[in-house]
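The values are calculated or read from the model by the stated rules, or taken from the named source; none is laboratory data. Here the structure is a predicted model, which is why all the values come from computation and not from measurement. Methodologically, a virtual Cβ is constructed for each residue, glycine included, from the backbone with ideal geometry; neighbour enumeration extends over all protein chains shown.
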Amino acid sequence: MLEIKGLHAKVEGNEILKGLDLTINPGEVHAIMGPNGAGKSTLSAVLAGRDGYEVTAGEILFEGDNLLEMEVEDRARAGLMLAFQYPVEIPGVKNVYLLKAALNAQRAARGEAEIEAPAFMKLVREKLAQMKMDKSFLHRAVNEGFSGGEKKRNEILQMLVLEPKLAILDEIDSGLDIDALRVVADGVNSLRSEQRGVLMITHYQRLLDYIVPDVIHVLADGRIVKTGDKSLALELEARGYDWLLEADAS
Ligand code: ADP
Ligand code: MG
Ligand code: MG
């Protein structure tokens, strides 16, 4: 589904990603962990196609297509979706309209008709209830005045409605209290399916108690320096990251 080979990327003239390789197959949940400043958010920004990130070498294939040649909107339509560490506010645009417009854009890309209003409302109400969000959130401007936890819930709500093929979550756990963490994790777990890939970026092991990944990678200094199963998270919790950096340097 996602194949990253030898990815090098620069931000503001500095090389941040230095030969990153990563493959995600449908049905798999991968976690990327790593020290602050390792390049985790840079990777998610490159995948999303954000401005200011220059890919200098390597390739990214999404379902066999060259992702780096795709416009940002086309990436979303193709089924790649990101939830950010700091979700953006969109003043003046109601949450419900954004959800509907995004869903219909996706359906149009698949050659499907627009969703009927009653079916849409039924879908959205069901997903709101799942995320333990009040109906009033539909009629508020996107993320405007939302608390940190509410923004994160809203990001997962969007994913539950849009059902991306590949869901990328960058530090979705940061700033969440334990109850919100459970709701967000339950939402992500309900995204798990044989057709879908999930890439979770997290600084802390805590999230992985709730969303158990199939594969864990450590990203350090712009490359994947270690890959393992869920037991790797516990080892990292106990030992930190330094031992990997030292082993990598030798
Ligand atoms: P992580 O998410 O792993 O903590 P980031 O990808 O956010 O790391 O950052 C990696 C490095 O790139 C850091 O040294 C950071 O300062 C730098 N960096 C990231 N974004 C920018 C930017 N927009 N401008 C300048 N430097 C940046
Ligand atoms: Mg960081
Ligand atoms: Mg980050």
Lone qualifier among K122, K127, K132, K100 - being not small (G, A, S) and not in a helix (DSSP H, G or I): K132
Residue identified as within 16 Å of ligand 1 (Cβ to nearest atom) and either under 19 Å from V96 (Cα atoms) or in contact (Cβ under 8 Å) with a residue 40 or more places away in the chain (or both) among L169, L123, L157: L169
So V93, is it of a type outside the set (K, R), within 16 Å of ligand 1 (Cβ to nearest atom), part of a strand (DSSP E or B) and surrounded by fewer than 18 Cβ atoms within 10 Å (Cβ to Cβ): no
Members of segment 74-98 that are of a type in the set (D, E, K, R) and either within 16 Å of M159 (Cα to Cα) or modelled with pLDDT under 85 (or both): R75, R77, E89
Test: E194 is surrounded by fewer than 21 Cβ atoms within 10 Å (Cβ to Cβ) and over 16 Å from the mean Cα position of the chain (by Cα): yes
Within segment 124-150, tally of residues that are of a type in the set (S, T, N, Q), surrounded by 14 or more Cβ atoms within 10 Å (Cβ to Cβ) and modelled with pLDDT under 90: 1
Residue in segment 73-82 that is loosely packed, with under 14 Cβ neighbours inside 10 Å and within 15 Å of ligand 1 (Cβ to nearest atom) present: no
For V88: the one exception among (1) within 16 Å of ligand 2 (Cβ to nearest atom); (2) of a type in the set (A, V, I, L, M); (3) part of a loop (DSSP other than H, G, I, E, B): (1)
Test: residue in segment 235-244 that is buried (at least 21 other Cβ atoms within 10 Å of the Cβ) and under 22 Å from F84 (Cβ atoms): no
Selection status of A9, of a type in the set (A, V, I, L, M, F, W, C), within 15 Å of ligand 1 (Cβ to nearest atom) and closer than 19 Å to V188 by Cβ: no
Set I115, I168: member being assigned to a loop (DSSP other than H, G, I, E, B) and among the aliphatic types (A, V, I, L, M): I115
Residue that is farthest from ligand 1 (Cβ to nearest atom), among those in segment 24-53 that are farther than 14 Å from A9 by Cβ and touching a Leu at 6+ places or on another chain (Cβ under 7 Å): I24
Among (1) charged (D, E, K, R); (2) modelled with pLDDT under 95; (3) closer than 15 Å to I201 by Cα, the one test that E71 misses: (3)
Subset of segment 103-123 that is under 16 Å from L191 (Cβ atoms) and at pLDDT 90 or above - its residue that is surrounded by the most Cβ atoms within 10 Å (Cβ to Cβ): L103
